[in-house]
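This report concerns only the one structure given below.
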Amino acid sequence: SETWMQIKADIMNAEMTVPEVSEAGCLGMALLAGSAVGVYRNVKEAVETTVKVTKRYEPDAHRAAIYNENMEVYKDLYPALQSINHRIARF
């Protein structure tokens, strides 16, 4: 969905693109294989000559900053809750 793609762009603070193909995973594997056997010089060339992008999602700087701040909180919170999570998992 468009909403999910925008969220991913904001979380990663990077452009997200939607390829024209419906089976992008399969195409990606084929491009990796083509690069490995020398059909393409490298993966970048394989992608640039093969993949057609239908839509681009640019990150929103304000939302990206919020996600980044929340990630810092999560990184502090996770180890602090680890023993509690193990206790809960035993139920």
Sole exception among (1) surrounded by fewer than 10 Cβ atoms within 10 Å (Cβ to Cβ); (2) in contact with a Phe, Trp or Tyr (Cβ under 6 Å, 6 or more places away or on another chain); (3) of a type outside the set (A, V, I, L, M, F, W, C) for K52, by number: (2)
Counting only residues in segment 1-49 that are surrounded by 14 or more Cβ atoms within 10 Å (Cβ to Cβ) and among the acidic types (D, E), the one farthest from M71 (Cα to Cα) is identified as E45
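No lab work stands behind these numbers, since they all come straight from the coordinates. The shown structure was predicted, so the numbers you read here are calculated from the model rather than taken from an experiment. Every residue, glycine as well, gets a Cβ built from its backbone with ideal geometry; the counts of neighbours run over all protein chains shown.
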